[in-house]
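Dropping the structure in here first, questions after.
Read the figures in this text as sums done on the coordinates, not as results from a lab. Predicted, not measured: the structure shown is a model, and the values here were computed from it. Using ideal geometry, Cβ is built from the backbone for each residue, glycine included, and neighbour counts are taken over all protein chains shown.
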Amino acid sequence: MNLLTEKDEFGSSTKCVHSGTETDPSWGSVVTPIYQTTTYSIPDVPELIELYSHKKKGYTYTSTGNPTQRAAEKKIAALEGGEDAAVFSAGMGAITATINSLVRNGDEVIAQNDLYGETFRLFKTMPEMRGVKSHFFNAARIDEVEDLINEKTRLLYLETPTNPLLKLVDIEKATEIARDHGVTTILDNTFASPLNQRGLDLGVDIVVESATKSLSGHHHVVCGAAISTKKHIKAIKHMRGDYGQTLDPFGAFLLITGMQTMSLRIERMNANALALAEFLEESPKVERVYYPGLPSHPQHDIAKKQMHGFGSMVSFKVKGGLDAITHLFNHLELVKLATSLGGVDTIATIPCISTHGGLSKEAQLKVGITENLVRASIGIEDYSDLENDFKNALSHL
């Protein structure tokens, strides 16, 4: 037994390193091996029966479970404070399987109107694809949820901070409303990470993460995760198997090794992001900065209440349109134009073209996504180098 999986009294850095990692029983390896196999030899028929009837724990086929994958799940569960976790081949796989484990034809769901583009499209197409009606509320107006709930409502979906404008939802208020009506809550915690925000501690039922981002932290593996009670995770894993969304053993290994340095990465990224947000806020070339750690953020008080750190994501609007942004990226040297987040290197993108490019212009403008908006994921570089890179690029506008 790994005590760090069973107990919640250890610090986050210790959990990053040790949780879910057990000494290999065959050779004593301190690193979780990559069990690169599709199937497993079972000694006899009685054990085969026990395994497939779930009377005995073990592995039968990697699409339903694998030791490397399981180690990753235990580590994530410990970091999020959940009983169990399920890892996926992509973040959207985790989101889709989690939602579909809860809703049926005729049900209704409530979600924010300011979400990651793929997630927003998922909810918009649910009436046609699943016969599930979606309602949307303004993240800053949590009281709207009360008016949208009815006897058919099955889940409330939250994303905080939001992608890309870093709006916040008061998680405790949202979960209290949902709980009073018997509604299950899901939180996409990708922008925060479990080291900056633990949704389960704030009353959320299920947390989902694009583990591609801060959890793995090196832009080298695409994966997702869902974290909750054993009961919820059992249902979610059934959906994962049905959809063929299992994370492969090598991907799980990369996720594990990435998480082991997460506390160091997150601490540095938080500090760099706050400093850069403060710098950008003072720049005459910048129209507005979006970062929950700034006192100017309209929900800064909520951020201080529910976040341990303010995260690595900084969004800002440059004075001028797409031409100005084009000049900005033409003169950035360290910062690359790329679409992802949470990695050790600083990258930035243009949401109206990339992450939310699939939405109509009307839908983009409704939530504040304009062509002069930049979304930056701040890495672990020396801060002075990052500031100088942005200062030089902005000077050409």
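If I take every Cα pair under 8 Å that is 6 or more residues apart in the stretch 112-204, average their sequence separation and divide by the length, what percent do I get for the relative contact order? All intermediate terms of the calculation are to be shown ahead of the outcome.
Values: 114 pairs, mean separation 24.8, N = 93.
Contact order relative to length: 27 percent.
Let me ask something else. HN-Hα J couplings of the stretch 309-317 from phi, Karplus 6.51/-1.76/1.60, θ = phi - 60°, integer Hz, Gly and Pro as x?
x, 9, x, 9, 9, 10, 10, 8, 10
Got a sec to turn the phi values of the stretch 113-120 into Karplus ³J(HN,Hα) couplings, 6.51 cos²θ - 1.76 cosθ + 1.60 with θ = phi - 60°, whole Hz, x for Gly and Pro?
Along the stretch 113-120, the couplings run 8, 10, 9, 3, x, 5, 5, 4 Hz.
Sort 360-373, 303-316 by packing, meaning the average of other beta carbons within 10 Å per residue, with the highest value first. Please report the intermediate quantities before stating the final value.
Numbers: 360-373: 15.9, 303-316: 22.4.
So the order, starting with the most tightly packed, is 303-316, 360-373.
Assign unit charges at the C-beta atoms only (+1 for Lys and Arg, -1 for Asp and Glu), then state the dipole size of the chain relative to its Cα centre in Debye, rounded to the nearest 20. Write out the running numbers ahead of the final one.
Values: 39 positive and 49 negative charges, 125 e Å.
Using only the charged Cβ atoms, the result is roughly 600 debye.
Summarise the long-distance tail of P(r) for the stretch 209-342 by giving the % of C-alpha pairs beyond 19 Å. The partial results should precede the final answer.
Values: 5657 of 8911 pairs.
Of the Cα pairs, 63 percent sit more than 19 Å apart.
Would you mind calculating the relative contact order of the chain from Cα pairs under 8 angstrom and at least 6 residues apart, reporting the percent as a whole number?
Working: 803 pairs, mean separation 65.9, N = 397.
Reported as a whole number, the value is 17 percent.
Let me ask another. For the stretch 263-395, go through all pairs of different Cα atoms, get the mean of 1/r, take its inverse, and jot down that Kirkwood value in Å.
Numbers: mean 1/r = 0.0665 Å⁻¹.
Result for the stretch 263-395, one decimal place: 15.0 Å.
Between the stretch 4-57 and the stretch 82-127, how many Å separate their Cα centres?
Here the answer is 28 Å between Cα centres.
Take Ser13, Ser395 and order them by how many other Cβ atoms sit within 10 Å, fewest up front. Mind dumping the intermediate values first?
Details: Ser13 16, Ser395 10.
In order of increasing Cβ crowding within 10 Å: Ser395, Ser13.
With only alpha-carbon atoms counted, please give the Rg and Dmax of the chain, in Å.
Calculated on Cα positions, Rg and Dmax stand at 21.4, 74 Å.
Can you find, among Thr184, His297, Thr349, the residue farthest towards the positive end of the dipole of the chain? Put +1 on the C-beta of Lys and Arg, -1 on that of Asp and Glu.
The residue sitting farthest along the positive end of the dipole is Thr184.
Taking just the C-alpha trace of the stretch 1-136, give me its Rg and Dmax in Å.
My reading of the Cα-based Rg and Dmax gives 19.2, 54 Å.
Within the stretch 206-220, what residues put their amide N at less than 16 Å from the label point 7 Å along the Cα-to-Cβ vector of Arg179?
Within reach of a label on Arg179, which here means backbone N under 16 Å from a point 7 Å along Cα→Cβ, the stretch 206-220 contributes 206-207.
To continue, here is another question. Using only alpha carbon pairs under 8 Å that are at least six residues apart, calculate the relative contact order of the stretch 315-362 and give it in whole percent. Intermediate values should be presented prior to the final figure.
Values: 26 pairs, mean separation 10.0, N = 48.
Dividing the mean separation by the residue count of the stretch 315-362 yields 21 percent.
Treating only the Cβ atoms of Lys and Arg (+1) and Asp and Glu (-1) as charged, compute the dipole magnitude of the stretch 257-365 about its Cα centre; round to the nearest 20 debye.
Values: 10 positive and 10 negative charges, 32 e Å.
Rounded to the nearest 20 debye, it is 160 debye.
Between Thr185 and residues 5 or more places away or on another chain, which pairs have amide H atoms under 5 Å apart, with H built 1.01 Å from N, and which residues are they?
HN-HN under 5 Å from Thr185: Leu156, Asp205, Ile206.
Can you return the lysines within cross-link range of Lys317? Criterion is Cα-Cα under 26 Å, with same-chain partners fewer than 8 residues away left out.
Partners found: Lys167, Lys213, Lys285, Lys304, Lys336, Lys361, Lys366, Lys391.
Which order, highest average first, do 339-345, 135-141 follow once you tally other Cβ atoms within 10 Å for each residue and take the mean per peptide? It would help to have the intermediate numbers written out before the result.
Details: 339-345: 20.0, 135-141: 17.9.
Those peptides, ordered most packed to least, come out 339-345, 135-141.
Aspartates and glutamates near Lys231 by alpha-carbon distance under 13 Å, same-chain residues fewer than 8 away left out - which ones?
Of all the aspartates and glutamates, those that pass the test against Lys231 - Cα under 13 Å, at least 8 places apart if same chain - are Glu83, Asp84, Asp205.
Please report Cys223, Cys352 as a ranked list, fewest other C-beta atoms within 10 angstrom at the top and most at the bottom.
Values: Cys223 28, Cys352 20.
Taking fewest neighbouring Cβ atoms as first place, the list is Cys352, Cys223.
Now for a separate question. Which whole-Hz ³J(HN,Hα) couplings does the stretch 51-62 yield from phi under the Karplus relation 6.51 cos²θ - 1.76 cosθ + 1.60, θ = phi - 60°, glycine and proline marked x?
Working through the residues one at a time gives 5, 7, 8, 6, 7, 9, 7, x, 10, 10, 7, 5 Hz.
Using Cα positions and a limit of under 22 Å, work out the lysines in reach of Lys234, with same-chain residues fewer than 8 apart set aside.
Lys7, Lys55, Lys56, Lys57, Lys74, Lys75
Find the Rg to Rh ratio for the stretch 31-76, where Rh is the Kirkwood radius over alpha-carbon pairs and Rg uses the same atoms. Provide the component values of the computation, followed by the final result.
Numbers: Rg = 11.5 Å, Rh = 11.5 Å.
Radius of gyration relative to Kirkwood radius: 1.00.
If a paramagnetic tag sat 7 Å from the Cα of Gln36 along the Cα-Cβ line, which residues of the stretch 62-83 would have the backbone N under 20 Å from that point?
62-72
May I ask you to sort Thr68, Thr229 by Cβ crowding, counting other Cβ atoms within 10 Å and putting the fewest first?
On the way: Thr68 25, Thr229 13.
If I rank by nearby Cβ atoms, fewest first, I get Thr229, Thr68.
Using amide H atoms built in the peptide plane, which far-off residues or other-chain residues are under 5 Å from Gly82 H to H?
Correct list: empty.
Can you list the residues, at least 5 places off or on another chain, whose amide H is less than 5 Å from the amide H of His135, using H built in the peptide plane?
Placed amide hydrogens put Val109, Ile110, Ala111 under 5 Å from His135.
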